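For reference, the structure is listed below as structure tokens.
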Amino acid sequence: MEKLHDVHARERAQRFVGRQRELTAVDQWLAAAPGPTCVFSVTGMGGIGKSTLLARILDRARRAQVNGFWIDGRACPRTPAGFLSYVETAVLEPPPGRLPLGFPRGRA
């Protein structure tokens, strides 16, 4: 039986057009051996599809068995300590019903 998440991912994929260059870069990054960085950042002005692109990136990460989480800069405190606390909370205290992230393939 197909999982609800997979149904949603498939539906989102059918409505997503373009950004092939960016998605190819993500696929290459996910396939590479863990490197010195494990952050993929998306920035830009409002209304250009950042949220949609991030959803596609997270779907690809899940398929590559790499855990990921979305950090919204508007919700994250704007200090180094605040950022680290935000990340720690996202990693160690997942939403109800979700398991902690863990880091397969040596990625954090």
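Some notes on this structure:
- The range 16-93 shape via C-alpha gyration tensor axes, a/c threshold 1.5: oblate
- Listed peptides 74-84, 47-57, 20-30 by packing density, highest first (mean Cβ within 10 Å): 47-57, 20-30, 74-84
- For the range 71-82, backbone phi angles converted through the Karplus equation (6.51, -1.76, 1.60; θ = phi - 60°) give residue-by-residue couplings of 10, 8, x, 6, 9, 8, x, 9, 10, x, 5, x Hz, Gly and Pro being listed as x.
- Accessible area of V66 in the full protein assembly, 1.4 Å probe (Å², nearest 10): 10 Å²
- Modelled this way, with points 7 Å down the Cα-to-C-beta line, the labels at A33 and E11 are 4.2 nm from one another.
- Pair Q20, T52: separation of 7 Å Cα→Cβ label points (nm): 1.7 nm
- Karplus 3J(HN,Hα) series, Hz, for the range 53-61 with 6.51 cos²θ - 1.76 cosθ + 1.60 (x for Gly, Pro): 4, 4, 4, 5, 4, 5, 4, 5, 4
The values are calculated or read from the model by the stated rules, or taken from the named source; none is laboratory data. In this text, all values refer to a predicted model and were calculated from it rather than measured experimentally. Here Cβ is always computed from backbone atoms with ideal geometry, including for glycine, and neighbour counts include all displayed protein chains. Keep in mind that these areas ignore ligands, DNA and RNA; they rest on the heavy atoms of the full protein, side chains included. Shrake-Rupley method; radii C 1.70, N 1.55, O 1.52, S 1.80 Å.
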